[in-house]
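K.L.:
Here you go, one structure.
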Amino acid sequence: MVRCGAFGDMVLLTALIRVLHAEFRAPVDIVTSGPWSEPLLRGQPGVGEIFSMRSRKTPYWLSPDQRRVVRQLRARAPSPTWYCDGDDAARPLLDRAGIPSEYIVDVKDHGLLPGEHATQQWRRLAQIMPSAPFSAYRTDIDAVVPGCYLEVTQSQRVELKAWLKARDLADRPLILVQIGNKRTMRRGPRRMAVNNKYWPLERWAEVLQFLRRHHPRHAILLLGTGPEYQLNRELVESLANVDGLHNVADDLPIPRLVALLERADGLLTVDSGPAHAAAGVGCPQVVLFGKALPSLYRPLGTAGADVQLLRGEIDGEPSMLGIDTRHVIEAWSRLKLRGAAPF
């Protein structure tokens, strides 16, 4: 399987991996890019070898990673292949590796159906076989629960417990908040036109004050990647009179993040990779959407945890800026938290 996607894209792809694993009764080897895919997918159900490169778009002669992946694919011999990228940037790697076109199912040949969710598309694609004949097992696909799924290992839970203990949080119930995204952290004003996941800090501040009042026992952890630490810090500094806020964006490797999502009572987030990971481990959440289609990208996990979606408009166009704090507070108030009854 070939998929060079963002963090959330790779979580969604577990819907395809689990069906292919059931159909072929063999692990699915994955060709991918980005530093998140391997720590996210390594050891997950149905996942075999992970062939990773820094970028699929670097010219081949300048990319030792691409040449290594091609050598690895040649060594394993051709097999049925699902090409899951929306562009052809990685397709030449399959040609170089000697994988015939009749062995390949290409997502571009099987377009999205009206109203179809991303995990449903992957589930459907997994049931389409290459034109070359291969022996798949007759599988009751209905036995493979729809949606994305992430398994948290006991070693991840032990590591998380030690991490929480070091922060004096081991015995506290947790609420998680994800305010940033990769677009927020690009250079230039955060409210630039290309950042359709921007929600103003003053609104986040109002919502965090609400969470603090209504969940006095909970620790509130601000998530993110390293570059988002400063954004979280600005928010915390604007709420100097609010205690129990913890900025952990500088200390969240992916295995720890996934375990933390499994441990938390709930998540408040923009449409993001952590939202899909939360669905994969059954964490209830409120999700703020910008221009992305909720019908396609709403968090959808096998556990069926409660998800409250919010989408606003500005001048008739979808915009996260059209969501006000009242909408978020009302959605959180409806949320069925894990480990606690809604107030």
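K.L.:
How big is the dipole moment of the range 41-172 about its Cα centre under a simple scheme where the beta carbon of each Lys and Arg is +1, that of each Asp and Glu is -1, and everything else is neutral? Debye, nearest 20, please.
P.N.:
On the way: 20 positive and 16 negative charges, 129 e Å.
So the magnitude is around 620 debye.
K.L.:
Please order V242, V105 by the number of other Cβ within 10 Å, starting at the fewest.
P.N.:
The order, fewest Cβ neighbours first, is V242, V105.
K.L.:
Mind pulling the per residue volume of the convex hull built on the Cα atoms of the range 7-143? Å³ is fine. Spell out each step's value before the answer.
P.N.:
Values: hull volume 15.4 nm³, N = 137.
Hull volume normalised by residue count: 112 Å³.
K.L.:
In a GNM of the chain with a 10 Å cut-off on Cα contacts, which of E206, E262, E38 has the highest mean-square fluctuation?
P.N.:
Greatest mean-square fluctuation among the candidates belongs to E206.
K.L.:
First obtain the Kirkwood hydrodynamic radius of the chain from its Cα pairs, then insert it into the Stokes-Einstein equation at 10 °C and 1.306 mPa s, and state the resulting D in µm² per second as a whole number. Numbers along the way, then the final one.
P.N.:
Values: Rh = 21.3 Å.
D, rounded to a whole number, is 75 µm²/s.
K.L.:
Where a Cα-Cα gap under 16 Å defines reach, which lysines qualify for K197, not counting those fewer than 8 residues away within the same chain?
P.N.:
Filter leaves K182, K291.
K.L.:
What list do you get for F134, F7 if you sort them by fewest beta carbons within 10 Å?
P.N.:
Numbers: F134 12, F7 20.
Starting with the residue having the fewest Cβ neighbours, the order is F134, F7.
K.L.:
Please list log₁₀ I(q)/I(0) at q = 0.17 Å⁻¹ for the range 154-334, using the Debye equation with identical point scatterers on the alpha-carbon positions.
P.N.:
-1.11
K.L.:
Hey, what did the range 154-334 get for relative contact order, percent, Cα under 8 Å, at least 6 apart? Intermediate values should be presented prior to the final figure.
P.N.:
Values: 305 pairs, mean separation 38.6, N = 181.
RCO, the range 154-334: 21 percent.
No value in this document is a laboratory result; all are computed from the given coordinates. Just so it is clear, the structure is predicted and the values come from calculations on it, not from any experiment. Backbone-built Cβ (ideal geometry, glycine too); neighbour counts: all protein chains shown.
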